[in-house]
């Protein structure tokens, strides 16, 4: 069952611009995570935000979580060509259960 | 660093063949997962395991089975491969409940083509 739904499906921006991706989910969660996947590769964990947190930062990444709207956003500031990848949100619905992934946003950063 | 390895990056098999996809992790994680990834469908969970000899069905277990005889190894088996099982297969692992660590670590993926 697909829990997260990313929006937009694809995003193309110029290097130096900010990129914002959104994720909506359906049920209550323990935490929400964002992963990155370079073409043809496995996923790499970027950042985790717990259900009692509203915002989190890690380097050029900023994640927000609004549990009342069941939504999250990932902001990448000052994007670089190397940020070109697919980005997935994943939710953990309760303790030690498998993550449920969305379909992803494909980000292209043009130099 | 956690390392999750998968036995093959690319695999070509014929319809009806039995296919084994192997996954090994080196961090003593209790939990291991198999996903398949298809364009437009994202990642879908096939099977997962909380410990040795334990297995749980995910969202799309039909046509697959798994084996977890050792903690570090989780195998995905396609009993009789079909063309609709052509996909990217991703293995992941994660520590168990005793450790507060919810992130999953992924292998590089196996791209399987069934002819």
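We did not get these values from a lab; they are worked out from the coordinates using the rules stated. Since we're looking at a predicted model, the values are computed, not measured. FYI the Cβ positions are ideal-geometry reconstructions off the backbone, even for glycines, and counts take in every protein chain you see.
Annotations
- Shown for A:57, A:45, B:29: other C-beta atoms within 10 Å of each C-beta, ranked fewest to most, produce the order A:57, A:45, B:29.
- Spin-label pair residue A:77-residue B:38: with each label point 7 Å from Cα along the Cα-Cβ axis, the two points sit 4.1 nm from one another.
- Relative contact order for chain A, counting Cα pairs under 8 Å that sit 6 or more residues apart, in percent: 39
- Note on residue B:7/residue A:53: beta-carbon distance plugged into 1/(1 + (r/R0)^6) with R0 of 41 Å gives a FRET efficiency of 0.60.
- Counting Cβ atoms of other protein chains within 10 Å of each residue's Cβ and taking the mean over peptide A:26-39 gives 1.
- Each label was represented as a point 7 Å from its Cα along the Cα-to-Cβ direction; for residue A:9 and residue B:86 these points are 2.0 nm apart.
- Two-site FRET efficiency, residue B:115 against residue B:52, from Cβ-Cβ distance with R₀ of 35 Å, rounded to 0.05: 0.50
- Linear extension gain, residue A:110 paired with residue A:30, 0.36 nm per residue minus alpha-carbon span: 25.2 nm
- Inter-centroid distance (Cα atoms) of region A:24-103 relative to region B:64-82, Å: 29
- Computed label-point distance, nm, for sites residue B:26 and residue A:38 using a 7 Å Cα→Cβ extension: 1.9
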